[in-house]
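The values are calculated or read from the model by the stated rules, or taken from the named source; none is laboratory data. Bear in mind the structure is a predicted one, so any value in this text is a computation, not a measurement. All Cβ positions, glycine included, derive from the backbone under ideal geometry; neighbour counts span all protein chains shown. With ligands, DNA and RNA removed, areas are computed over all heavy atoms of the protein, side chains included. Shrake-Rupley method; radii C 1.70, N 1.55, O 1.52, S 1.80 Å.
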Amino acid sequence: MVKDRGIDWAESADRHGFTLDDVLYAARHVLRKKTYVTNGETYLKLTGNHHGDPLVPSLEIEMKITRAGELKVFHVNAEQDGFFNRD
């Protein structure tokens, strides 16, 4: 895991080629978000506008919010149907 600008970035977040800048842009342009708790851990799912590619209008992002309030991004991809139906 790499820490950049105070955000932990898991290796799995690199899988689809999006960057922390893409995530920050989407987080500033949120379309939908959902917070949920699993096994005592708090997670945030969000979709937000993407600025880099007209073929990818929005991104889906999943991150964990630690008890200390730190963010750990572990999933970033072009938004897929059903993203909010999966936990």
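At a glance:
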| quantity | calculated |
| --- | --- |
| Selected residue (criterion: surrounded by the fewest Cβ atoms within 10 Å (Cβ to Cβ)) from residues of the range 61-79 that are acidic (Asp, Glu) and assigned to a loop (DSSP other than H, G, I, E, B) | GLU70 |
| Selection from the range 22-60 of residues that are within 22 Å of GLY82 (Cβ to Cβ), part of a helix (DSSP H, G or I) and among the charged types (D, E, K, R) | ASP22 |
| Enumeration of residues in the range 1-21 that are closer than 22 Å to GLY69 by Cβ, open to solvent by 60 Å² or more (accessible area, probe 1.4 Å) and in a helix (DSSP H, G or I) | ASP21 |
